[in-house]
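Laboratory data are not the source of any read-out in this text; all were calculated from the coordinates shown. The structure displayed is predicted, hence computed values, not measured ones. Every residue, glycine as well, gets a Cβ built from its backbone with ideal geometry; the counts of neighbours run over all protein chains shown.
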Amino acid sequence: MRRRRRHRCDQATMLQLLPLISLVLLLLPSPPVRGQWLDPESKYSGDQTEYTRPNADLDLRLDEPDIAPNPLGGPEQVFISQADHTGTAFTISWSSNRTMGSRVFYSNQPSSYDLSATGGSSTYSYADYTSGNLHHVTISNLTYSTRYYYRIGEGGSDDRHLVFASEFVTPPPPGPDSSIKFAIVGDLGQTYSSNVTLSHIEQSGAQYLLNVGDFSYADGYQPRWDTWGRFMTRYTSKVPMVFAYGNHEIEFDNAVDAVKPHDGFLSPNTRFSAPWQSCGAVAAIYYSLNVGPVHIISLNSYVGITKYTPQYNWLLSDLEHVDRSVTPWVIIITHVPWYNTYNAHYMEGEVVRSAVEYFARKYRVDAIFSGHVHAYERFKRLYLYEEDECAPVYITIGDGGNREGPAERFQVIPKPETSVYREPSFGYGSLEIINSSLARWQWHRNQDKGDVIADSVLIESLAGMNSCPLPPQPSQPRYDEHELLQSY
Ligand SMILES: [Fe+2]
């Protein structure tokens with residue numbers, strides 16, 4: 001009897017606890033799914049190979065060797081970037097927590113370092129954080145398609161904590177006969193999945209990295225900008241990075257007197273470098289450059305771009321002055337996609353799309369790469385939501401692997417004809433410019449830590465499409481603005 005009574009009591013207790021247990025189970029993160037589409041209502045459009053599709057991942061632990069600080073305060077967080085419009089000058093940027101000169105020794109011969117250049121350094125403060133000394137040194141008059149070796153740090157020392165040495169290759173000369181390969185990544189962050197993505201990019205053989213925004217996911221916690229810089233150094237000290245800012249680059253601090261549009265990008269503007277002076281822009285918030293046969297435009301999704309704003313006027317002038325006989329390829333990198341069928345950030349790019357899509361079509365931009373949505377999606381050539389052979393290809397590549405996890409749900413179901421391929425897995429893209437008329441785009445999925453090409457397509461340049469008629473007038477944003485504002 002006693003035993004039976006206790007049993008009834010256990011059952012009753014269990015019944016009482018059931019809602020609590022259910023709540024706990026609901027709050028637990030869902031485990032990674034193996035070989036199963038995450039949105040059961042959607043139709044999977046690509047390779048259905050089984051693998052474990054990751055969920056949100058953790059940031060790299062602060063004691064991981066790749067992101068631990070330099071114990072002697074010497075050079076770390078090294079980035080190189082193109083410093084002029086055509087690729088004969090490069091800026092080498094780094095951070096140091098010890099006092100050191102902003103000087104770079106370099107040569108096109110290994111271990112020679114017989115040339116040198118000096119630059120400057122600055123710090124910035126954000127709340128109770130003060131950055132290390134952030135150095136920028138530009139080396140100029142470089143030869144195209146040439147390997148350069150450089151060394152930063154204190155002369156005479158060979159301690160790797162006081163001296164940093166690396167090398168990079170300059171781009172081919174601007175011109176239609178050049179070829180080049182880009183790696184394109186978005187929303188990378190600094191998780192263990194980000195690390196897998198970066199390892200795959202390292203193996204890609206790309207000559208430039210195009211980063212479509214949301215770099216570190218520091219979100220105001222400035223030491224995570226430092227760890228991101230250390231995390232990236234193994235690649236960005238060798239391969240130039242061209243970037244477009246995302247929303248995670250916006251950090252407003254009450255202590256910062258933010259009166260100009262670029263003031264809100266305090267940390268990246270101080271840490272990184274871009275050739276904005278050589279294209280008539282006002283800061284690294286938007287700019288353009290030529291890399292071999294490609295004219296690259298970096299647009300800012302978070303600075304005004306509607307009619308007559310400075311970014312709008314600059315973009316029109318920039319597009320008007322592109323010489324397709326020199327750069328037959330024109331691409332745009334920008335954070336928020338203009339076309340998107342995922343639930344995440346659905347139609348968030350409508351204001352920008354409706355403001356400048358007409359000009360992207362008029363000037364026959366070949367492709368527009370975006371991030372923001374943590375997934376991959378490739379569209380056909382589109383204008384005003386319809387197929388148009390004279391309009392850009394749209395690609396979302398926001399799947400770098402940050403801690404917020406993949407965008408798992410779709411807004412448009414079933415997949416519309418205009419979206420060729422969509423999948424919320426981690427990875428990166430590669431764009432190989434084969435010649436003046438043909439490029440190969442590939443999406444590389446992180447598949448159980450392997451690098452698998454899950455989508456591949458040849459893209460033809462629009463440079464020769466002189467017969468394209470002028471596009472019809474641009475449309476207004478399609479969403480109900482009142483409804484959108486209420487959702488914020
Ligand atoms: Fe974003």
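Ignoring everything except DSSP H segments at least 4 long, calculate the 222 nm mean residue ellipticity for the chain; use -39,500 (n - 2.57) per segment, divide by total residues, nearest 500. Roughly -5500 deg cm²/dmol at 222 nm, from the helical runs in the chain. Computed from the C-beta positions of Ser325 and Asp63, the FRET efficiency with R₀ = 41 Å rounds to 0.15.
DSSP finds beta bridges in the range 176-487, and of those with both partners inside it, around 65 percent are antiparallel.
For Thr418 and Leu72, the difference between the fully extended length at 0.36 nm per residue and the C-alpha to C-alpha distance is 119.1 nm.
Report the charge-dipole magnitude of the chain in Debye, nearest 20, computed about the Cα centre from +1 at each Lys and Arg Cβ and -1 at each Asp and Glu Cβ. Mind showing how you got there, number by number?
On the way: 39 positive and 54 negative charges, 271 e Å.
Dipole about the Cα centre, nearest 20: 1300 debye.
Restricting attention to the chain, the count of lysine pairs at 8 or more positions apart or across chains with alpha carbons under 20 Å apart stands at 7. Remark: the range 124-137, residue by residue, has Karplus-estimated 3J(HN,Hα) of 9, 10, 8, 6, 9, 9, 10, 5, x, 6, 9, 9, 9, 10 Hz, where x stands for each Gly or Pro and the curve is 6.51 cos²θ - 1.76 cosθ + 1.60 at θ = phi - 60°. The H on the amide N of Glu76, modeled in the peptide plane, is under 5 Å from the matching H of Ser95, each at least 5 residues off or on a different chain.
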